[in-house]
Every structure is written in C-alpha cells, then in structure tokens.
1. To the nearest 0.05, what FRET efficiency results for B:Leu18 and A:Ile92 with a Förster distance of 25 Å applied to their C-beta separation?
2. Please compute the average number of Cβ atoms from other chains found within 10 Å of each residue's Cβ in peptide A:114-122.
3. Could you point to the residue in A:Leu15, A:Leu159, A:Leu94 farthest towards the positive end of chain A's charge dipole, with +1 and -1 charges on the Cβ of Lys/Arg and Asp/Glu respectively?
4. Shielding of B:3-9 by partners, i.e. mean partner chain Cβ atoms within 10 Å per residue?
5. Output the relative contact order of segment B:29-109, whole-number percent, from Cα pairs under 8 angstrom with separation of 6+ residues.
6. Given H placed 1.01 Å from N in the peptide plane, which residues other than close sequence neighbours of B:Ala43 have an amide H under 5 Å from its amide H?
7. Taking the Cα atoms only, what angle lies between the long axis of helix A:3-25 and the longest principal axis of chain A, rounded to 10 degrees?
8. I'd like the FRET efficiency for A:Asn73 and A:Lys161, computed as 1/(1 + (r/R0)^6) with the beta carbon distance as r and R0 of 35 Å, rounded to 0.05.
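Bear in mind that the values in this text are calculations on the coordinates, not laboratory data. No experiment lies behind these values; they were computed from the predicted model shown. Cβ placement follows ideal geometry from the backbone for every residue including glycine, while neighbour counts extend to all protein chains displayed.
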Amino acid sequence: MKTKRVAFLGLSIALAMILSFVESQIPALVAIPGIKVGLPNLVIVFLLYRISWKDAVIVSIIRTLLVSMLFGNIQMLTFSVAGAVLSLGSMILLKKTNWFSTITVSIVGGICHNIGQIVAAILWTQTAGIVTYLPVLLLSGTIAGAVIGLISGMLVEKLKKWRF
Amino acid sequence: MKKRDFILIGTILAIALLLWGAIELTKEEGAYVIVTVEGKEVAKYSLSQDGEYELNGGTNILKIENGEAFMIWANCPTMGQTRCTHQGKISKTTEKIVCQINQLVVTVYGADEGDVELVG
C-alpha cells in the first residue's frame, strides 16, 4: 500500500469519525430510534464515486469500529455494522449497474441502512412489532440519502481535478 | 436524474406512504402496556391507572398518566442512539417505546388483544 494511500485513508477515516461525533451532538428531531442524517456517509459516498468501492469499504468498517469503541458499546456496534454493511453493499451493487444517479444510489443506501437497523433492533429486543417503524424509516432514509447524495455529488464534481 | 431515478424513488415513497396509512388506520385506543425484555414479558400495566414503575431492576422508569405511558428515566448512554426518554408518550395500539441498550420494549395493547408477539 502506497504511503500516500495510507495517509489519504487515515484522513478519510478521521473525517468520517468527526462527522459521526458532530452528528451525535445534534439532538434527535424526531422521537423515533434510528433517524439520522448520516453525515459520515458524505465521506463514504464520495470515496465510492471518486476513489474506489474498496476504499469506501475500508473507511466504513474502520470508522464504525472506532466510533463504537470510543463512544459506544458492543451493542451499538451490532447496529452500526448491520446498517453499514447493508447500506454500503447496496450502494456498491447499484452503482455498478450504472442505471441511477448519485442521489438515487445514496437514497437506497440510506434506506438499506435503516432496514439493517430495524432488523438488528428486532433481533436484539426479540420484538417483531418494531417493524411498525418501517414506513417512517423508509421516508427518513429517503430524505437523508437525498441530502447526502446531493452534497457528495457536488463534492465529486468540485474536486474533479484533484488527484488523490 | 433520469426517469428511472424518479420511478424508483416514487415507488419507495408510495410503499412507505401505503404502509404508514395502513398502520395509522388500524391503530386503536390502548388499554394496557406490556413491558418486554429480550422478548419476554416482564410486566403489564393498565393505562387507566396512573403510576410510576421501575422496570428491569431499575434500568428504566416508566410513568403512566392520563392514559399515556412514557419513559421518564433510563440509565443508557446516549451516543448515536435515540434515548427512550425522548420517544414521547404512547397510548394507541402498536405504539411503542424502544430502549435498545437494555433490550427493553414497552408496547401498547388494546383491551381485546391477547399475548405478546414474539420472534422465532
């Protein structure tokens, strides 16, 4: 691995972690578990489109592990991993098809993240009824994904000439 | 953004709206709440009787007042999670308060409903 790549990935992970922290300081607008903007996904979607899906996976995994270790607990890790794996996996596949715009790919990522969280919550609490949160989380995932996709798309466009 | 972008997003939103409508329309006035920890029923309280209850050996405190249940205290850390104390008041069937850290869920049931639904 080239030194430059190591430094770049380190920087990306640090940025994603800071965004996680910033987001955790924003009080929940809606009283439903799992609703978030997903600011760290700015970094992930940017990497996915501008660099490579492999770098996006590396940054996503390390960021999830570190944030859970620093500020959370093992249970939070389960939720984060479930969301991150589904979200990034779906975005990588959807991007590969080349059928949809960045915003749509990001929206599907947001929704899949929320579905992962619901599934983890159902298994964790052994309560199937949590599925009633699905409609709200579909909607919030769409809005959050659109915002992240829009900004990431703009970043990719603006930093087109930069060499990473 | 192309046509198929809008078709996909539109479909997702339509599904969300339909599900939301179905859930909202089938809600009824609740009669009692059941507290489950890891899916096992640990307590059952009537919504028509005001009171404060310590749950799960003291990890959460649930209050029932004027037919509504809400969490007034919990011992969970906050980072990255919606706290159960912020989830508001519940009074209609299927409404719930989820305390993820303690694996605790408070769900409203109607007068004519039977046992708790369990996974697996």
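1. 0.30
2. If you average over the peptide's residues, the count of other-chain Cβ atoms is 1.
3. Of the candidates, A:Leu159 comes out farthest on the positive side.
4. Taking the mean over all residues of the peptide, I get 4.
5. 30 percent
6. B:Val35
7. 30 degrees
8. So the FRET efficiency works out to roughly 0.25.
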